[in-house]
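One structure is given here, and the rest of the page talks about it.
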Amino acid sequence: MNASRNAAGPFEAVDAVTVEAGYVTGLLGIPPEAHGLVLFAHGSGSGRFSPRNTMVAQALQRVGLATLLLDLLRDGEARDRRNVFDITLLAKRLRGATHWVQQAPHLAALPVCYFGASTGAGAALLAASADDARITAIVSRGGRPDLAGATALARVRAPTLLVVGSRDTAVIALNRAAMRAMTCECDMVIVPGATHLFEEEGTLEQVANHAVGWFLSHLRAPL
């Protein structure tokens, strides 16, 4: 892994984290006295520079959680839409990045959480379903948890919060179906007036607040 400091902001730029035959690129932000680490799995058509996930990441950093915003596909791979919906591939890359942070000397002591958006939520839940997964909590934003498959969903042990916009009716139904397959602690929050991307005023702030509350309550950290 090659890392360099990004002087333009609070993030440390991680140039490349080798994951088997490929590379995962991300932006790592570590606040002082961090007591947890949240890995972000982005949705289709998005990446580590996503302004929505960056806003959530900054809210998490303000309460003492480190964040790693990941590109699970390389540029050439992302141009092929089949890869964007290859949940098995995305989960494999996410597991590789998780293994890296759990071995990195400056990160290994931090409990690991996942934040998944859209298809990234399916990848996060599939990754968390592995027998050796040590994931403390998961938050899905406008996610497609159903893409992980019912078998994997039933194996997830990490407490999971599903956050969906009230106007994203198709995704609400898919999230409810996914909840029925899950056996871990699971809850769903519907944000009033929000569509799939939470572009309406104040809705993304609600997502960030729900994520902060969920992660901190399961990390048993002070608010």
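Mind checking whether some residue in region 153-170 is over 30 Å from GLU205 (Cβ atoms) and assigned to a loop (DSSP other than H, G, I, E, B)? No. Between a residue in region 128-144 that is within 17 Å of SER166 (Cα to Cα) and at pLDDT 95 or above and any residue that is of a type in the set (Val, Ile, Thr) and surrounded by 24 or more Cβ atoms within 10 Å (Cβ to Cβ), which pairs come within a Cβ distance under 6 Å, given they are 6 or more apart or on different chains? Listed pairs, sorted by first residue: ARG141/VAL163; ARG141/VAL207. What are the residue pairs meeting all of these: first residue in region 67-81, first residue under 15 Å from SER50 (Cα atoms), second residue outside any loop (DSSP other than H, G, I, E, B) and of a type in the set (D, E, K, R), Cβ atoms under 7 Å, and 6 or more apart or on different chains? Sorted first by the residue in region 67-81, then by its partner, the pairs are LEU72/ARG93.
Candidates in region 155-182 are the residues that are open to solvent by 20 Å² or more (accessible area, probe 1.4 Å) and among the polar types (S, T, N, Q); of these, the one that is farthest from CYS113 (Cα to Cα) is THR169. Quick one: would you say THR119 is open to solvent by 20 Å² or more (accessible area, probe 1.4 Å), within 20 Å of ALA208 (Cα to Cα) and in contact (Cβ under 8 Å) with a residue 40 or more places away in the chain? Considered against the rule, which asks whether it is open to solvent by 20 Å² or more (accessible area, probe 1.4 Å), within 20 Å of ALA208 (Cα to Cα) and in contact (Cβ under 8 Å) with a residue 40 or more places away in the chain, THR119 comes out as no.
Do the conditions hold for ALA97, that is, is it without any contact (Cβ under 8 Å) to a residue 60 or more places away in the chain, open to solvent by less than 30 Å² (accessible area, probe 1.4 Å), part of a helix (DSSP H, G or I) and not basic (Lys, Arg)? In short, no. The single residue among ALA137, ALA211, ALA128 that is small (Gly, Ala, Ser) and within 22 Å of VAL84 (Cα to Cα) turns out to be ALA128. Take the conditions (1) within 19 Å of LEU90 (Cβ to Cβ); (2) touching a strand residue (DSSP E or B) at 6+ places or on another chain (Cβ under 9 Å); (3) open to solvent by less than 20 Å² (accessible area, probe 1.4 Å); ALA148 misses just one of them, which is (2).
The condition of being part of a strand (DSSP E or B) and open to solvent by 10 Å² or more (accessible area, probe 1.4 Å) holds for only one of THR136, THR88, that being THR136. Filtering region 21-76 to residues that are closer than 28 Å to ARG220 by Cα, open to solvent by 30 Å² or more (accessible area, probe 1.4 Å) and touching an Asp or Glu at 6+ places or on another chain (Cβ under 7 Å) leaves ILE30, ARG48. Restricting region 100-116 to residues that are assigned to a helix (DSSP H, G or I) and either of a type in the set (D, E, K, R) or open to solvent by 10 Å² or more (accessible area, probe 1.4 Å) (or both), the residue that is farthest from PRO145 (Cα to Cα) is GLN103.
The values are calculated or read from the model by the stated rules, or taken from the named source; none is laboratory data. All figures in this text were calculated on a predicted structure; none of them were measured in a lab. Methodologically, a virtual Cβ is constructed for each residue, glycine included, from the backbone with ideal geometry; neighbour enumeration extends over all protein chains shown. Areas reflect the complete protein model, heavy atoms only, side chains present, ligands, DNA and RNA absent. Shrake-Rupley method; radii C 1.70, N 1.55, O 1.52, S 1.80 Å.
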